[in-house]
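Worksheet: one structure, shown below.
The values are calculated or read from the model by the stated rules, or taken from the named source; none is laboratory data. Nothing here was measured: the structure is a model prediction, and the numbers come from that model. Cβ: placed from backbone, ideal geometry, glycine included. Neighbour counts: every protein chain shown. We work out accessible area using only protein heavy atoms, side chains counted, and drop any ligands, DNA or RNA first. Shrake-Rupley method; radii C 1.70, N 1.55, O 1.52, S 1.80 Å.
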Amino acid sequence: MAFKLKEIYDLCESISPFDTQESWDKSGLNLGRFDDELSHIVVCLELTLDIARNLKPNTLVITHHPLIFTPLTQIHTRSYPSNLISILLRKNCALISLHTNFDKSHLNAYLTHKILQWEHFVAQDFFMYGEIKPISLKNLALQVCQKLQAKAVSYIQGDDIYENTQESSSLDSIKGVYVVCGSGCPLSSRIPQKPHTCLITGDIKHHDAMIAKSNGLNLIDMGHYESEKYFVEIFQSILQNAGYNAIIADCKNPFYFCSITD
C-alpha cells in the first residue's frame, strides 16, 4: 500500500511532538522529502548495515536513534553514517527518528510500568519517579536484572554524605527510585539530593558514576540496549492501530558477554 511520507511524519508528530525533544537531539526527518511516496515501513532501534542492505526499495525506516547526529563535513560512503545514507538513497528510502521526544511520551513509561512493573510511578521532568518498599541496593539491582531478562546489571553505592545524622542509617535501603532509559546519568544533577535514592538508567560512565557516588546517589546500570529495545514493539503497535503495516527489523545488542567460570 503506497503512502506519503508526510502522513507518517504527521502521525509521529501527533503522538510524540518533535519540539519536545532535548535541545541536542536530532529527532525528526533525517532523510527524505515530505512528498515522497513509499510502499513499506520498517521499524528498528537504529539502522545497521545489515538492515540497510536488506531493505526493499521505497521503504520508510523509523528508528529510535537518529542516523545523522553530528554535522557531516564530508561524505565517505565506506564510513558510518554515510555508508548507510548511500544505501538508502540508492533504494529511494527515507528515515524518521523519534528519540528523546519518544522517551518522554512513551518509552520511559512503558519501561517503568510494563517491564519493571512499577505502575504507580509518574513522570517527573525527564524521569519516571516513585517510591517503593525499602529494599537493599543489591536486591533492587537483582530485581531489575530479572525483570529485564538481562545477563547482568551493575550498581554503584552512593557515599554516606549524611554522616552523623539520622539520615545516615541504612543508606543501602532504597525508597525513592528514578528511571530513565538510554544514557540518563548526565541528567542526575536534576535529581534532588536526598538519602535512600537510586537512579536506574544505562551507559553509566566511570566519571559520572564517581560524581553520583560522591553526591550520595545510588545507581543501577541496566544497559542502554536493554532499556530501549522495546521501542520497536511500541511503535509497531502505534502504526497498526493507525492502519499501517510495519515490519520489525531486529537490531541486536552489539555487545557480547564472556565470563570466567571455575
Within the stretch 12-28, can one find any residue that is out of contact with any Cys (no Cβ under 7 Å at 6 or more places or on another chain), under 14 Å from LEU95 (Cβ atoms) and either of a type in the set (A, V, I, L, M) or without any contact (Cβ under 8 Å) to a residue 12 or more places away in the chain (or both)?
no
Selection over the stretch 100-120 where residues are of a type in the set (Gly, Ala, Ser) and in contact (Cβ under 8 Å) with a residue 40 or more places away in the chain yields a count of 1
Hey, PRO81 hits all of (1) open to solvent by less than 20 Å² (accessible area, probe 1.4 Å); (2) in contact with a Lys or Arg (Cβ under 8 Å, 6 or more places away or on another chain) but one; which does it fall short on?
(2)
Scan the stretch 113-123 and tell me whether some residue there is closer than 28 Å to ARG190 by Cβ, out of contact with any helix residue (DSSP H, G or I) (no Cβ under 8 Å at 6 or more places or on another chain), at pLDDT 95 or above and part of a helix (DSSP H, G or I).
yes
Condition set among the aliphatic types (A, V, I, L, M) and more than 11 Å from ILE8 (Cα to Cα), scope the stretch 26-44, selection least open to solvent (accessible area, probe 1.4 Å): answer is VAL43
Is it fair to say ASN101 is at positive phi and modelled with pLDDT of 95 or more?
no
Selection from the stretch 105-146 of residues that are farther than 26 Å from CYS12 by Cβ and among the basic types (Lys, Arg):
LYS133, LYS138
